[in-house]
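Below is one structure, written out as structure tokens, with a few remarks after it.
The values are calculated or read from the model by the stated rules, or taken from the named source; none is laboratory data. Only a predicted model underlies this, so the values are computations on that prediction, with no experimental measurement involved. Please note: Cβ atoms are built from the backbone with ideal geometry, for glycine as well, and neighbour counts cover all protein chains shown.
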Amino acid sequence: MTTLNALAAISILYVLFLFAVAFFAERASRRGRANWLRAPIVYTLSLSIYCTAWTFYGAVGSAARNGFEYLTIYLGPSLVLIGWWWVLRKLVRIGRVQRITSIADLISSRYGKSNLLGVGVTLLAVIGTTPYIALQLQSVTLSVEVFSQASGGEQEQTTAFWVAVGLAVFTVIFGTRNLDANERHHGVVMAIAVEAIVKLAALMAVGIFVVWGISGGVSETLERIDASSLGHWEVNGGRWAGLMFLSAAAFLCLPRMFQVMVVENDNDQQLRMAAWAFPLYLMLMSLFIVPIAVVGLDVLPAGSNPDLFVLTVPLEYGQNALALLSFLGGFSSATSMVIVAAIALSTMVSNHIVMPIWLRVNENVVSVSGDVRNVVLLSRRLSIGGVLALGYLYYAQSGGGAALSEIGLVAFMGIAQVLPAMLGGIFWRGATRFGALAGLTVGFSIWVYTLYLPSFGAAILPESFFDGGPFGLIWLHPQALFGISGIDPLLHTMIWSLTFNAVAFFVASLSSFPSPLERLQGAQFVNIQQGTGGARSWSQGSAEAEDLMVMAQRILGSADAQRLFLREARRQGSDTHLPAPTAEFLQILERELSGSVGAATAHAMVGQIVGGMSISVEDLMAVADETAQMMEYSATLEAQSQELSRTAAQLRAANDKLTRLSVQKDAFLSQISHELRTPMTSIRAFSEILRDGDGITAEEQSKYASIIHDEAIRLTRLLDDLLDLSVLENGQVSLNLGEGMLSDVLDRAEAAALAHDDKRGLQIKRDRESEQVWLNTDTERLSQVFINLISNARKYCDAESPALAIVVTKGEALTVDFIDNGSGVAPEAQDVIFEKFARVSDQKAGGAGLGLAISRQIVTRLGGEISYLSGQSGAAFRVILPLEKALAAQ
Amino acid sequence: MSGAGKSQNQPAAAPTPKSDKIPLFVERQTYRRRRLVDGARALPVLGLVLWLVPLLWAVPESKTHASSGLIYIFVVWIGLPLVAGILIQIMKIRPRVPRNDEGET
């Protein structure tokens with residue numbers, strides 16, 4: 001028999017060995033020689049913390065008591081790993097990309113870095129894990145007891161206590177040694193991998209001893225199984241399927257599993273190996289359970305604890321060494337689980353409960369000097385102590401016993417409540433924070449009420465609850481909700497809690513609206529395969545790079561922080577050691593920090609320095625609005641500039657016209673002065689002759705006087721025209737409206753215009769039929785216009801036999817076209833002929849160039865318009881008169 | 001993942017039919033790799049079905065021997081990981097074709 005002291009010595013040696021493994025692994029990783037630490041096999045073995053002492057001892061006990069049901073606990077996780085492509089692959093990538101530190105961090109981060117959710121999941125995890133830790137302590141105590149019964153002695157409580165203390169020390173040393181951005185614990189993982197080998201080897205050794213040593217071979221063992229009380233396959237179908245699902249869910253959600261599977265994961269390669277190797281590991285762990293149970297039931301006295309068959313069977317056969325190995329296997333199972341669970345829980349407690357409170361209490365301390373790292377580490381260490389203390393207290397209170405062995409599944413059930421929020425979060429972008437909160441709250445409440453509290457027996461829930469339901473409400477019976485009884489309590493809770501959890505999660509998600517950050521995070525989580533660069537969550541602003549540096553140093557450590565800042569500065573192309581606090585840099589920094597203190601805390605810390613300038617979608621919308629406004633503005637500007645260029649073109653045209661006019665005016669002025677001077681000269685000359693005239697005949701005198709008279713008339717006409725135009729332009733003319741026939745007006749005009757037509761003989765073509773239109777107008781003025789047009793044709797038409805066609809058309813208005821058969825007006829002159837002093841050519845100086853200007857003024861006064869018709873056979877003018885007046889006159 | 005996969009093909013030529021985004025015919029290697037992924041996805045379903053078979057055994061009249069039941073469970077338990085491992089090994093050998101297509105079928 002191994003004495004207790006020897007046992008203690010061996011245990012301590014074993015623990016020291018683990019210390020050494022962890023220490024060297026840690027040192028190797030710090031020296032950058034960590035490649036072998038990241039080997040897929042190490043990762044695969046580290047997953048074995050799923051197999052706790054509950055597996056090592058409890059599986060045999062379970063098989064002895066409940067038959068083959070124990071298999072489901074390992075079949076579920078096997079399926080999860082074989083189906084790695086569905087969930088694990090995505091989960092692990094999210095964990096790596098988002099620097100997730102725990103399951104609470106995952107949920108919190110996914111749902112908009114909500115700390116409330118983080119706290120909720122943390123509490124759930126603590127409540128669910130504490131009994132589990134107690135279970136491990138109990139298993140170690142029981143196994144020690146097996147040896148102590150032989151040597152005699154009562155040390156139950158102290159064993160558990162010292163084990164708890166020892167584990168706390170180990171976890172503090174290796175679990176909180178580093179606070180780096182990766183949150184990976186190479187030392188711990190390595191130690192766990194070693195323990196995984198030890199427990200597998202121990203269980204297999206016992207199994208091999210049982211099969212070949214005791215039973216005498218495989219076929220004999222199978223016969224023995226068939227002959228035993230386990231000889232027939234009797235499994236509760238509901239529990240078989242239900243437990244398989246439950247264990248698969250728990251495998252994904254358990255904090256310690258999440259720690260080794262997601263947080264400690266380094267690359268996809270690790271998962272690829274674990275996907276097939278870990279199911280095989282689980283298979284080997286389960287392989288010899290039934291043979292050991294059968295042999296234990298067979299050879300050991302009735303009433304012996306089947307949970308300890310793994311130890312007691314070898315002892316029964318005097319195999320002390322094997323029993324010792326088996327003890328170490330159980331010890332390994334228990335310690336590795338407790339260590340990882342404590343690390344995972346302490347991370348959660350520290351990141352989601354302690355740090356937020358600390359930050360709230362010490363507001364604005366992030367940017368002042370001092371080391372936040374110490375605060376974080378201290379809170380981690382205290383959390384580890386706290387978690388283990390809770391586990392020990394739970395164990396001490398429950399007093400061990402059978403109550404504890406059932407708690408494993410109860411704990412599974414509790415932590416599985418995270419499943420809907422987790423899967424929903426990584427596969428469904430529509431999942432919201434409110435939905436996750438609702439689902440968790442509902443599921444957790446049902447779990448507590450129907451499974452957790454009843455697991456304590458009558459200690460907490462009064463007996464009456466189990467008789468007729470609380471307050472006589474039978475449909476609220478904790479183990480028969482809605483009055484439906486007869487379901488296995490575990491399945492009962494599983495069905496109702498997960499159903500209501502999922503429904504509440506779904507409905508609340510559908511009916512709530514996610515915050516901007518949530519939506520960004522959701523998109524990143526769900527679309528992780530795209531390798532998104534990350535959502536912009538910080539705007540650059542008042543954040544000072546130095547403040548950020550101070551803070552980062554305090555969390556990451558100065559060397560790491562400086563390296564990070566330098567790298568980013570180089571990447572930004574800056575020569576200094578401080579990168580500009582761009583949104584991108586803040587993003588990277590926050591992610592690095594979240595690896596140490598969790599997403600929510602990191603967000604809060606950066607927020608304190610940046611001044612909470614997280615960009616919301618509203619901000620983005622505002623920016624987009626602004627952009628739209630600017631685009632609109634620029635479109636307006638463009639339109640305006642087009643308008644301007646149009647105006648400029650018009651102005652240029654006007655300017656050209658003005659220039660031409662000015663030239664014409666100058667030409668005219670010289671012309672008119674010439675015109676004025678010529679008659680004046682002759683008037684003066686002849687008047688001088690008359691005045692000084694001696695010997696002038698009466699005939700000569702009369703001739704000279706009539707010349708003077710003619711010239712004076714010419715001058716007067718010129719001055720009349722000028723005056724007329726001036727009056728018309730100033731609008732001072734008074735129209736003398738009256739009725740008249742168009743043909744009469746034209747007749748008069750023709751007669752007047754051709755009165756002096758002596759030699760050229762302009763031929764006028766008219767259609768008298770169409771001219772029978774009554775007009776209500778100033779016929780005098782109108783005939784003046786017509787006279788002008790006809791005499792223009794007479795004067796300027798350069799055809800061999802000049803002819804003028806006067807065409808009258810009655811449409812909406814009355815148009816009178818004067819079309820001659822000459823060469824017309826040159827295009828460049830067309831727009832100036834209606835201007836004052838405009839003349840078609842200097843050579844044909846027949847008038848003062850005021851006729852058309854006056855005509856236009858008159859026609860405008862009469863409510864019509866006059867224009868030059870281009871594209872006709874000769875010069876063509878069109879006079880349009882309003883027909884309303886014409887019709888009214890008919 | 002099927003859900004995320006849909007949104008992975010970035011060209012946002014929105015109105016064009018889906019066949020524009022996902023080529024109808026792909027290279028043989030790409031095709032092979034996608035079928036491997038299909039295999040990896042189907043495997044857990046097969047496993048679940050096989051491991052739910054024991055539900056049928058629990059008939060009181062014709063009791064299944066524990067030994068045959070155990071052998072069945074463990075044979076499946078050895079077979080599934082081996083097949084999964086083989087699939088993963090083949091995937092490793094085949095070069096990774098466009099990263100965006102990884103999740104696609």
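What do you reckon, is A:Leu7 touching a helix residue (DSSP H, G or I) at 6+ places or on another chain (Cβ under 7 Å) and part of a helix (DSSP H, G or I)? It is true that A:Leu7 is touching a helix residue (DSSP H, G or I) at 6+ places or on another chain (Cβ under 7 Å) and part of a helix (DSSP H, G or I). Looking only at region A:787-809, which residues are under 17 Å from A:Asp744 (Cα atoms) and touching a residue at least 60 places away in the same chain (Cβ under 8 Å)? Selection gives A:Asn788, A:Leu789, A:Ile806, A:Val808.
If you go through region B:67-79 and keep only what is facing chain A (nearest Cβ under 7 Å) and closer than 17 Å to A:Ile73 by Cα, you end up with B:Gly69, B:Leu70, B:Ile73, B:Phe74, B:Trp77, B:Ile78. Evaluating A:Gln138 against the criteria (1) closer than 23 Å to A:Pro306 by Cβ; (2) within 50 Å of the chain's Cα centre (by Cα); (3) crowded, with 24+ Cβ neighbours inside 10 Å; (4) modelled with pLDDT of 85 or more leaves one unmet condition, (4). Taking the criterion of being of a type in the set (Ser, Thr, Tyr) and either closer than 30 Å to A:Lys113 by Cα or modelled with pLDDT under 60 (or both), the residues of region A:610-645 that qualify are A:Ser614, A:Ser616, A:Thr627. Selection of region A:22-60 for residues being under 29 Å from A:Pro131 (Cβ atoms), part of a helix (DSSP H, G or I) and of a type outside the set (Ser, Thr, Tyr) yields A:Ala22, A:Leu45, A:Leu47, A:Ile49, A:Ala53, A:Trp54, A:Phe56, A:Gly58, A:Ala59, A:Val60. Meeting the requirement of 1 or more residues that are within 14 Å of chain B (Cβ to nearest Cβ) and without any contact (Cβ under 8 Å) to a residue 40 or more places away in the chain, the helices (runs of 4 or more DSSP H) wholly within region A:168-264 are A:218-227, A:237-253. Among the residues of region A:490-532, just one is of a type in the set (Gly, Ala, Ser), in a loop (DSSP other than H, G, I, E, B) and within 14 Å of another protein chain (Cβ to nearest Cβ), namely A:Gly531. The listed residues are A:Ala580, A:Ala561, A:Ala604, A:Ala545, and the only one of them that is at pLDDT 75 or above and surrounded by fewer than 24 Cβ atoms within 10 Å (Cβ to Cβ) turns out to be A:Ala561. Residues of region A:697-715 that are surrounded by 14 or more Cβ atoms within 10 Å (Cβ to Cβ) and free of Cβ contacts under 8 Å to residues at least 24 places away in the same chain: A:Glu700, A:Gln701, A:Tyr704. The single condition from (1) closer than 30 Å to A:Gly231 by Cβ; (2) at pLDDT below 80; (3) part of a helix (DSSP H, G or I); (4) not aliphatic (A, V, I, L, M) that B:Trp77 fails is (2). For region B:47-68, filtering for residues that are under 25 Å from A:Ser228 (Cα atoms), crowded, with 20+ Cβ neighbours inside 10 Å and modelled with pLDDT of 85 or more leaves 1.
Does region A:48-69 contain at least one residue that is hydroxyl-bearing (Ser, Thr, Tyr) and farther than 30 Å from B:Ser67 by Cβ? No, region A:48-69 has no match at all. A single member of A:Gly61, A:Gly120, A:Gly67 is out of contact with any Leu (no Cβ under 7 Å at 6 or more places or on another chain) and either of a type in the set (Gly, Ala, Ser) or not assigned by TED's automatic domain parsing to the domain that holds A:Val294 (or both), and it is A:Gly61.
Here is a yes/no grid of residues against (1) among the basic types (Lys, Arg); (2) closer than 17 Å to A:Thr347 by Cβ; (3) surrounded by 24 or more Cβ atoms within 10 Å (Cβ to Cβ); (4) within 14 Å of chain B (Cβ to nearest Cβ):
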site: A:Ala39; (1), (2), (3), (4): no, no, no, no
site: A:Val42; (1), (2), (3), (4): no, no, no, no
site: A:Leu45; (1), (2), (3), (4): no, no, yes, no
site: A:Phe56; (1), (2), (3), (4): no, no, yes, no
site: A:Trp84; (1), (2), (3), (4): no, no, yes, yes
site: A:Val87; (1), (2), (3), (4): no, no, no, yes
site: A:Arg93; (1), (2), (3), (4): yes, no, no, yes
site: A:Ser102; (1), (2), (3), (4): no, yes, yes, no
site: A:Ile107; (1), (2), (3), (4): no, yes, yes, no
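Checked against (1) closer than 27 Å to A:Tyr14 by Cβ; (2) at pLDDT below 85; (3) within 52 Å of the chain's Cα centre (by Cα), A:Pro306 passes all but a single condition, namely (3). There is no residue in region A:565-576 that is within 14 Å of chain B (Cβ to nearest Cβ) and at pLDDT below 75. Among the residues of region A:279-333, those that are under 15 Å from A:Arg65 (Cβ atoms), of a type outside the set (D, E, K, R) and either outside any helix (DSSP H, G or I) or away from every other protein chain (no Cβ under 14 Å) (or both) comprise A:Gly296, A:Leu300, A:Ala302, A:Gly303, A:Ser304, A:Asn305, A:Pro306, A:Leu308, A:Phe309, A:Val310.
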